[in-house]
Amino acid sequence: MSVLEALRVPDELSARVPAEQRGRGRDDVRLLVSRGTDVSHHVFADLPALLRAGDVLVVNTSTTLAAAVDGRLGDEAGGEAVVVHFSTRGDDGRWAVELRAPAPGGVTGPRPGGPAGTVVRLPGGGRLRVEEPLDPAGARLWWASVWPGGARDVPGLLRGYGRPIRYGYTERDQPLAAYQTVFGVPEPDGAGSAEMPSASRPFTAGTVAALVRRGVQFAPLTLHTGVASAESHEPPYPERFAVPGSTARLVNAARAGGGAVVAVGTTAVRALESAADESGTVRAAAGWTDLVVTARRGVRVVDGLLTGLHEPQASHLLMLEAIAGRAALARGYDEALEHRYLWHEFGDLHLLLRG
């Protein structure tokens, strides 16, 4: 049970457009800093001064896909309109998808995912067949086959007809470029994240250069995040990740030398902790992770986390509590509300460091 389950975030504190449309640029966001229960207020440009030479920022290089595609149910003309959210590509060539109901204003609402055998007509003449739930305990995400061409044609479908997944608290559709980060590296097979690794969004080339001058190092890894439901706040499903040997060595050296390992985003925590043994030593690793970081499990590698502000029911808060502690998390969110910080992927950031 989350320590913040009673928290209520006013609608007006949802960031409805990207920072560059509200102010001077991507980095024009505020930064709440929690060191234990001590809280201070900054702007994102202050980040280099808040870290030390020898600290390491672990960043996710996954790019964001235009993962929402319009479709129609059935093989014949007509049929119920749906929006397909392409979540995760499986090893067997299928994709995990979420079927959503179009809603006024260009957003979507929840709908049943099945039943098995449901066919969706896709733009460009393609078809999608829903086959089985990703998790027998839930019916939101389903494995689906796409034809002709199978999974290898999905990246082309997304490039030609897709748009970024958008939730109801945002004001309007944004171009895909608004959902990419400075750290994104395209994959040869077109893989990527259904939703943006948003903690990296405020970084610019100038911020990165200032951090490098400070002596802060960057350790890249990849985790392709799937679709998160805005309504159900489920724990994350298994996701594909890769931690290269160079990142493992850099993180291990920083820990041995007294540097802080700060993850940029919850996805970076999940990948890095998945590659660590019980002593906290990180090794090169790749594959699927079903790790859910909670206060009971704790963290073995990460000393801090740079992240956005999460809704009270979000499973991410369990991870934040594991890193910072229950009292620090509650104090930080009280301050965020009092000082009118903005929530969600286009909002302000929170740097949590162990006290």
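When the P(r) is computed for the stretch 68-161, the part past 20 Å accounts for 28% of the Cα-Cα pairs.
When the GluC sites (Glu not before Pro) in the stretch 1-89 are filtered for DSSP coil states and for at most 16 other beta-carbon atoms within 10 Å of their beta-carbon, the remaining sites are Glu5, Glu76, Glu80. Relative to the Cα centre, the charge distribution of the chain, modelled as +1 at Lys and Arg Cβ and -1 at Asp and Glu Cβ, gives a dipole magnitude of about 700 debye. With R₀ set to 25 Å, the beta-carbon distance separating Trp288 from Thr204 gives a calculated FRET efficiency near 0.20. About its Cα centre, the stretch 68-161 has a charge dipole of approximately 220 debye under the convention of +1 per Lys or Arg Cβ and -1 per Asp or Glu Cβ, with nothing else charged. Simple rule: put +1 on each Lys or Arg Cβ and -1 on each Asp or Glu Cβ in the chain, find the dipole, and look at Ala219, Val292, Ala19; the Cα lying farthest toward the positive end is Ala219.
Largest GNM mean-square fluctuation among Leu291, Leu141, Leu65, using the chain with Cα springs under 10 Å: Leu291. Beta-bridge orientation, the chain: approximately 75 percent antiparallel, per DSSP, counting only bridges with both partners inside. DSSP loop chymotrypsin sites (Phe, Trp or Tyr not before Pro) in the stretch 37-129 with at most 11 other Cβ atoms within 10 Å of their Cβ, which ones? Passing both the DSSP loop test and the Cβ count: no residue. Derived scalar couplings between HN and Hα for the stretch 109-119 equal x, x, 8, x, x, x, x, 4, x, 4, 10 Hz in order, rounded to whole Hz, by the Karplus curve 6.51 cos²θ - 1.76 cosθ + 1.60 (θ = phi - 60°), x for Gly and Pro.
Radius of gyration over Kirkwood radius for the chain, both on Cα atoms: the Rg/Rh ratio is 0.96.
Stretching the chain fully between Asp189 and Ala45 yields a gain of 48.3 nm (0.36 nm per residue, less the alpha carbon separation). Along the axis of the charge dipole computed for the chain (Cβ charges of +1 for Lys and Arg, -1 for Asp and Glu, origin at the Cα centre), the listed residues Thr181, Ile323, Val251 are led at the positive end by Val251. Which residue, Ser193, Val264, Thr88, has the largest displacement toward the positive end of the dipole of the chain when charges sit on each Cβ (Lys, Arg +1; Asp, Glu -1)? The one lying farthest along the dipole's positive direction is Val264.
Under a model in which nothing but the beta-carbon of Lys, Arg (+1) and Asp, Glu (-1) is charged, the stretch 145-185 shows a dipole of about 40 debye around its Cα centre.
Read-outs throughout are calculated quantities, based only on the coordinates presented, and are distinct from any laboratory measurement. Just so you know, these numbers come straight off a predicted model, no measurement behind them. Quick reminder, even Gly has a Cβ in these numbers, built from the backbone with ideal geometry, and neighbours come from all protein chains shown.
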